[in-house]
Amino acid sequence: MTLLALFTLSAFFALLATCPAVFAQQLSLSIYPPHLETIIKSGKSILVGYTIQNLGDPVVIGANVLPFTPKEDGGIVIQEEFSGPVRFSLDNSNIQLAQPFFLNTKQSQQLLLRIRLPEGAPQGDYYYTFFVESEPPPSLEGRGPSTRSQARVGSNILITVTGNGVLDTKGKVTLFDVLPRFKLGNLRIFDTGDKIPVVLIVRNEGKNFVQTGGRIVLKGNFGEKATYDILPLNILADSQRVLAATPSAEVDCEGHRAVYCQRPVSLLVSGFFIGKYNLSADINFGEGTPIITASTTFLAIPIKFLLGLLLILVVARILIRKSRK
């Protein structure tokens, strides 16, 4: 038994010696402010102080700026190459853009980002993301591969270039409708107990980003009325976005096949509905801007109740016929 135990231990330690070592790094970075909106005139510059904090293991990071384009759901896509007339640089004496620097655990670093507009820069909006990104640790020779993880955290920058301070805000509703369970011609039909998913998509056709406001109003044929406030959201120039109204339209869709789980919705109205209903939307792009309106209708019928009643009548008729025979 002693020889067997010694042989087993020897084999175990030999196996450990041949296994590659894996080193995992805990990465956690934060940036403040997380968002910046500014108006700059041509030929001017501003200085913004960002605070970078390392909440994980010691890390080597680098800072950079790249443009982004908006998505309909409110997300963004960061471009791979720099473009646009805006110029960025760091005023730090020992740190420059795209040059790595070391940040210890729980250490903070202030980065002074200079944003400059050259003379004659075209008026309009320009969208960028200022981000810091960790560099993956190198593999250790003779110790096997390491876990090459990376962390990136960024702050979106919305820059409006204007000469006279007047903003170009134009918008239109591209879609305001409900997502019905059934549709018969132009009729949108729901069961009385269904949730009513409402979709409101607005496009910004101006040259400057805008912040939405307004309300959605539901009116029934018996005089009932409900009002839902549209949440303030930024719509970037020449883009469209699904607006959201309170109460939030976010629901738990795990394992559900409901129509409102198939795409983003602006509002999900719950209740007991019967008859014809009218939905209207009033949207504005800030104080003093024109109000954009849209409307739609839907019909609520007790479909399940009627089907159950029909089934009862059919069964009753069959039973009556059998009893007569």
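Of note:
- Selection count where residues are touching a Pro at 6+ places or on another chain (Cβ under 7 Å) and not aliphatic (A, V, I, L, M), scope the stretch 103-121: 3
- When the stretch 274-288 is filtered for residues that are modelled with pLDDT of 90 or more and crowded, with 19+ Cβ neighbours inside 10 Å, the ones remaining, listed by number, are Tyr277, Leu279, Ala281, Ile283, Asn284.
- Cβ-Cβ under 6 Å pairs, at least 6 apart or on other chains, the stretch 210-225 side in contact (Cβ under 8 Å) with a residue 40 or more places away in the chain and over 15 Å from Ile196 (Cβ atoms), far side of a type in the set (Ser, Thr, Tyr) and surrounded by fewer than 16 Cβ atoms within 10 Å (Cβ to Cβ): Arg215/Thr227
- Residues satisfying the stated conditions in the stretch 192-231, i.e. surrounded by 18 or more Cβ atoms within 10 Å (Cβ to Cβ), over 23 Å from Gly74 (Cβ atoms) and at pLDDT 90 or above: Leu218
- Odd one out for Ser248 among (1) hydroxyl-bearing (Ser, Thr, Tyr); (2) within 27 Å of Thr169 (Cα to Cα); (3) at pLDDT below 90; (4) in contact with a strand residue (DSSP E or B) (Cβ under 6 Å, 6 or more places away or on another chain): (4)
- Residue selection: Phe298 fails the criterion of being in a loop (DSSP other than H, G, I, E, B), modelled with pLDDT of 75 or more and more than 30 Å from Ile157 (Cα to Cα).
- For Ala21, the stated conditions hold: it is modelled with pLDDT under 90 and of a type in the set (A, V, I, L, M, F, W, C).
- Yes/no for Gly49 being among the small types (Gly, Ala, Ser), surrounded by 16 or more Cβ atoms within 10 Å (Cβ to Cβ) and not assigned by TED's automatic domain parsing to the domain that holds Gln211: no
The values are calculated or read from the model by the stated rules, or taken from the named source; none is laboratory data. On a predicted model such as this, the values are computed, not experimentally measured, just so you know. Ideal geometry is used to build each Cβ from the backbone, glycine not excepted, and the neighbour counts take in all protein chains shown.
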